[in-house]
Amino acid sequence: MPAQRRGAAIAMTRPELDAFLQAGPVCRLGTIGPGGQPHVSALWFVWDGTHIWLNSLLHSQRWTDLGRDPRASAIVDDGGLDFTRLRGVELRGRVEVVGETPRRGEPNDELRTPERLFADKYAGSVFRHDGRHAWLRLTPEKVTSWDFSKLRR
């Protein structure tokens, strides 16, 4: 990933960014709706060190939007009312479908890692295919991070 140009003083290091994305419980995914308006939805995700993986309902506005235009932006953040605790990462890029739709569990080497990560993070180490979801992979073209606690140092 290229170095962040703006806000370098508050940018996360690569190890900080990886740890933050691996621990983050929810991302908000922005897609482009019909007519160009934004649509943002919250969902579970996993980070494999290179991509954000989203296990998305097929019958959702996000899925429809991405079928029309694969550009998306995902934000993972935390903090609260104290400005110096605000941290986050925005990943912009293109999303692609990986595996069968809906996902029913056919062997797929590309999905072995995201399904293991997802199971460990959200499902007690057991990933269940429900026939309503499928995998989306966001490949970041631009990454912006912020950690305002660095301003206190």
Open item on the list: Give me the percent relative contact order of the range 78-153, please, defined on Cα pairs under 8 angstrom at least 6 residues apart.
Closed with: 50
TODO: Report relative contact order for the range 14-153 in percent, whole number only (criteria: Cα-Cα under 8 Å, sequence separation at least 6).
DONE: 28
- [ ] Averaging over all projection directions, find the projected area of the Cα convex hull of the range 83-141 and quote it in nm² with one decimal place.
- [x] 5.8
Task: Solvent-accessible area, 1.4 Å probe, carbon plus sulfur percent, for the range 29-140 - done: 50
Task: Among 99, 24, 124, residue whose mean-square fluctuation peaks in a GNM of the chain (springs only between Cα atoms under 10 Å) - done: 124
TODO: Could you tell me what % of all Cα pairs in the range 1-76 have separations over 18 Å?
DONE: 48
Open item on the list: Just to verify a number: FRET efficiency for residue 101 and residue 150, C-beta to C-beta distance, R0 = 25 Å, to 0.05?
Closed with: 0.05
Task: Net dipole in debye of the chain [+1 Lys, Arg Cβ; -1 Asp, Glu Cβ; about Cα centre; nearest 20] - done: 420
TODO: May I ask you to work out the translational diffusion coefficient for the range 1-139 at 20 °C, viscosity 1.002 mPa s, via Stokes-Einstein with Rh from the Kirkwood sum over Cα pairs, reported in whole µm²/s?
DONE: 134
Task: Solvent-accessible heavy-atom area per residue, rounded to whole Å², over the range 31-143 at 1.4 Å - done: 54
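The values are calculated or read from the model by the stated rules, or taken from the named source; none is laboratory data. None of the values given here were measured: they were computed from a predicted structure. When we count neighbours, we look across all protein chains shown, and the Cβ atoms used for this are built from the backbone with ideal geometry, even at glycine. Side chains included, ligands, DNA and RNA excluded: accessible areas come from the protein's heavy atoms. Shrake-Rupley method; radii C 1.70, N 1.55, O 1.52, S 1.80 Å.
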